[in-house]
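Accompanying notes for the structure given below.
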Amino acid sequence: MRVNRLLGAALVEHNLVKIENLEAANERLLEAVTSGDHRRTSVLAILAHEMKVVKEEDVLQHLVETEGIGLVDLHNYEMPDELRKSLDTADCWATWTLPFDQEENFYFVATAHLLSPAVRAHWQKKLGGQILWYGTTLEVIADTLEKIDTEKVQYAGLAQAASAN
């Protein structure tokens, strides 16, 4: 909730949405959180896809212009096995952020919520190395996380079957 609250405040501060739209989105966000629908547990998802008061592309363009970040599409990207296996997808869902590669002490991190200071602080503390931030869409994050979650379930099932034999 803190991630979304700070993201919403930043969207208003950067004149990307109006405060009254944010207030309405926050009410819908509470409903989404209680329903457990991961794809709707983002104030940005509600503002962009349900209420249609901002476009994700406009938010990403703003980040490119103001933060100087690059953009990434992870649909065809293969994450290193060790990073994928150690990934806590609950953290990723909560922050709409995904570390997708690592080179020595540098982490490559894609996020749809870069405007939230809570997201940046969380991942800087968690990863402990230098972070190269990339912007991406909510859909890219959700699709990638769903794929990773599915792979983990399948792997756990295979491991359980192997141990039973």
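Any residue in the range 140-155 that's touching a residue at least 40 places away in the same chain (Cβ under 8 Å): show its pairings with residues that are of a type in the set (Ser, Thr, Tyr) and part of a helix (DSSP H, G or I) at Cβ separation under 8 Å, as long as the two are six or more apart or on different chains.
Qualifying pairs under 8 Å: 145/89; 148/89; 149/89; 152/89.
Within the range 40-57, track down each residue that is in contact with a Leu (Cβ under 9 Å, 6 or more places away or on another chain) and either part of a helix (DSSP H, G or I) or of a type in the set (Gly, Ala, Ser) (or both).
Across the range 40-57, the qualifying residues are 40, 42, 43, 44, 45, 46, 47, 48, 49, 56.
Condition test on residue 76, is it closer than 19 Å to residue 134 by Cβ, out of contact with any Ser or Thr (no Cβ under 6 Å at 6 or more places or on another chain), surrounded by fewer than 16 Cβ atoms within 10 Å (Cβ to Cβ) and without any contact (Cβ under 8 Å) to a residue 40 or more places away in the chain?
Numbers: closer than 19 Å to residue 134 by Cβ: yes; out of contact with any Ser or Thr (no Cβ under 6 Å at 6 or more places or on another chain): yes; surrounded by fewer than 16 Cβ atoms within 10 Å (Cβ to Cβ): yes; without any contact (Cβ under 8 Å) to a residue 40 or more places away in the chain: yes.
Taking the combined requirement at face value, the residue satisfies it.
Are there helices (runs of 4 or more DSSP H) fully within the range 58-136 with at least 2 residues that are within 12 Å of the chain's Cα centre (by Cα) and either closer than 30 Å to residue 30 by Cβ or of a type in the set (Asp, Glu) (or both)? List them.
On the way: elements: 81-86, 89-95, 117-127.
Here the list reads 89-95, 117-127.
Within the range 30-39, can one find any residue that is part of a loop (DSSP other than H, G, I, E, B), among the small types (Gly, Ala, Ser) and touching a residue at least 12 places away in the same chain (Cβ under 8 Å)?
Taking the range 30-39 as the starting set, the residues that turn out to be part of a loop (DSSP other than H, G, I, E, B) are 36-37.
Next, from what is left, pick out any that are among the small types (Gly, Ala, Ser): 36.
Then keep just the ones that are touching a residue at least 12 places away in the same chain (Cβ under 8 Å); that gives none.
No, the range 30-39 has no match at all.
Out of all the residues in the range 98-107, is one or more at pLDDT 95 or above, of a type in the set (Ser, Thr, Tyr) and surrounded by 11 or more Cβ atoms within 10 Å (Cβ to Cβ)?
Checked against the condition, which is being at pLDDT 95 or above, of a type in the set (Ser, Thr, Tyr) and surrounded by 11 or more Cβ atoms within 10 Å (Cβ to Cβ), the range 98-107 yields at least one hit.
Of the residues that make up the range 86-96, is at least one surrounded by 15 or more Cβ atoms within 10 Å (Cβ to Cβ), at pLDDT 95 or above, under 13 Å from residue 141 (Cβ atoms) and β-branched (Val, Ile, Thr)?
yes
The values are calculated or read from the model by the stated rules, or taken from the named source; none is laboratory data. None of these values were measured; they are calculated from a predicted model. Glycine also receives a Cβ, built like all others from the backbone with ideal geometry; neighbour counts cover every protein chain displayed.
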